[in-house]
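A.B. asks: There's a structure below that I have some questions on.
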Amino acid sequence: DKNALHLYSVNGKYLGSETLKEEVSDMCVTGEYIVMGSLQGFLSIRDLYSLNLSVSPLAMRLPIHCISVTKEYSHILVGLEDGKLIIVGVGKPAEV
């Protein structure tokens, strides 16, 4: 109940919020999406305007420490607690 994502306009107007089940450790806003990693090991991609999940969260099995998205938006780089770097392809399987 204590974790939530709140959305405000540039002018400070409250637009909405979404309660989160996980504790967010890092997030990155890219284009029209929010990419979030949690201490529970889930990688989530949400729509920036509605805050709804765009795809089901991906389980990384270890706490996520950092997230980055390539400038072409083709891959998500996920740093895990044990030092591993996971590279997730974005798009349809044929495109990845």
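The values are calculated or read from the model by the stated rules, or taken from the named source; none is laboratory data. Not measured: the values here are computed from a predicted model. A quick note on method: Cβ atoms are made from the backbone with ideal geometry, for glycine too, and the neighbour counts reach across all protein chains shown. Heads up: the accessible areas ignore ligands, DNA and RNA and are worked out on the full protein's heavy atoms, side chains in. Shrake-Rupley method; radii C 1.70, N 1.55, O 1.52, S 1.80 Å.
A.B. asks: Heavy atoms only, 1.4 Å probe, whole protein assembly: order C66, C28 by accessible area, highest first.
C.D. replies: Greatest to least solvent exposure: C66, C28.
A.B. asks: Name the chymotrypsin sites (Phe, Trp or Tyr not before Pro) in the range 39-96 that are in a loop by DSSP and that have at most 15 other C-beta atoms within 10 Å, would you?
C.D. replies: Counting only loop positions with at most 15 other Cβ atoms within 10 Å, the chymotrypsin sites (Phe, Trp or Tyr not before Pro) in the range 39-96 are Y49, Y73.
A.B. asks: Net charge around S50, counting only other residues with Cβ within less than 13 Å of its Cβ (Lys, Arg = +1; Asp, Glu = -1)?
C.D. replies: Within the 13 Å Cβ shell, the charges total -2.
A.B. asks: Just reorder V69, V78, V29 by solvent-accessible area, largest first, 1.4 Å probe, all chains present.
C.D. replies: V29, V69, V78
A.B. asks: How would you rank 10-17, 50-57, 82-89, highest first, on the average number of other Cβ atoms within 10 Å across their residues?
C.D. replies: 50-57, 82-89, 10-17
A.B. asks: P(r) tail for the range 4-89, what percent of Cα pairs lie past 21 Å?
C.D. replies: Of all Cα-Cα pairs in the range 4-89, 27 percent lie more than 21 Å apart.
A.B. asks: What length, rounded to one decimal in nm, is gained on full extension from C66 through to T19, with 0.36 nm per residue of separation minus their alpha-carbon distance?
C.D. replies: 14.8 nm
A.B. asks: Here's something else I'd like to know. Given a Förster radius of 22 Å and the C-beta distance between V88 and L7 as r, what FRET efficiency does 1/(1 + (r/R0)^6) yield to the nearest 0.05?
C.D. replies: So, using R0 = 22 Å, E works out to roughly 0.35.
A.B. asks: Given an 8 Å cut-off on Cα distances and at least 6 residues of separation, report the relative contact order of the chain as a percent.
C.D. replies: Relative contact order, the chain: 17 percent.
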